[in-house]
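Trainee: Before we start, here is the structure in question, set down as structure tokens.
The values are calculated or read from the model by the stated rules, or taken from the named source; none is laboratory data. Model, not experiment: these values are computed from the prediction. Reconstructed Cβ throughout: ideal geometry from the backbone, glycine too, with neighbour counts over all protein chains shown. We work out accessible area using only protein heavy atoms, side chains counted, and drop any ligands, DNA or RNA first. Shrake-Rupley method; radii C 1.70, N 1.55, O 1.52, S 1.80 Å.
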Amino acid sequence: MSAEFRMLVWQISRNALVQRILCDRIVDGIGLQRGRFPMLDVVMHHEGCTQCEIAELLHISPASVAVSLRRMADEGDQRCKRIYLTEEAREIAAVCQEKFEALDAKMFAGLAAQELETLSKIQNRLFENMAGEEFRDLSPFSAHLYEQRNKKMEETDA
């Protein structure tokens, strides 16, 4: 069974790698530095949040957030305590979101609803097996975003 497990782990890792490379190409093409979209996404969905809240939601250090925000901040006012998107950032986020949704559609093309449901259950089970208590709350923000997006998509389809 060990060889079968290794092959499955490799397949999962390979898919994650290709997905990350394609996402990096999307943000590179837009001119957004790699790793900045998650922060942009957090602020987009939590306007007025603080640096500490961003760090907590992304599971990164407040210092990392401060460095990124310094590079992304309004040059006229670096004193801001709460974070809001500029109009340019909103436009970048919208373009990224559109391209990421197209990438998602490409990834899951040809899979039936039942297959997607089964895949989701398997992925959740793999996570539960690996996470234990240490990672149980890993990126609750991401799960929250997926729920929000699913609701929007359901409303659009209705």
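Trainee: Quick check, is residue 44 at pLDDT 85 or above, loosely packed, with under 15 Cβ neighbours inside 10 Å and under 27 Å from residue 135 (Cα atoms)? Spell out the reasoning first.
Mentor: Numbers: at pLDDT 85 or above: yes; loosely packed, with under 15 Cβ neighbours inside 10 Å: no; under 27 Å from residue 135 (Cα atoms): yes.
So residue 44 does not fit the description; no.
Trainee: What do you reckon, is residue 4 within 16 Å of the chain's Cα centre (by Cα), open to solvent by 70 Å² or more (accessible area, probe 1.4 Å) and of a type outside the set (Val, Ile, Thr)?
Mentor: Values: within 16 Å of the chain's Cα centre (by Cα): no; open to solvent by 70 Å² or more (accessible area, probe 1.4 Å): yes; of a type outside the set (Val, Ile, Thr): yes.
No: the conditions fail for residue 4.
Trainee: Here's something else I'd like to know. List the pairs whose first member sits in region 50-67 and is on the phi > 0 side of the Ramachandran plot, whose second member is part of a helix (DSSP H, G or I), and whose Cβ atoms are under 6 Å apart, counting only residues at least 6 apart or on separate chains?
Mentor: Nothing qualifies.
Trainee: Checking residue 53 against (1) of a type outside the set (A, V, I, L, M); (2) open to solvent by 70 Å² or more (accessible area, probe 1.4 Å); (3) at pLDDT 90 or above, which test does it fail?
Mentor: (3)
Trainee: Related question: Considering only region 78-108, how many residues are open to solvent by less than 70 Å² (accessible area, probe 1.4 Å), of a type in the set (A, V, I, L, M, F, W, C) and free of Cβ contacts under 8 Å to residues at least 12 places away in the same chain?
Mentor: 4
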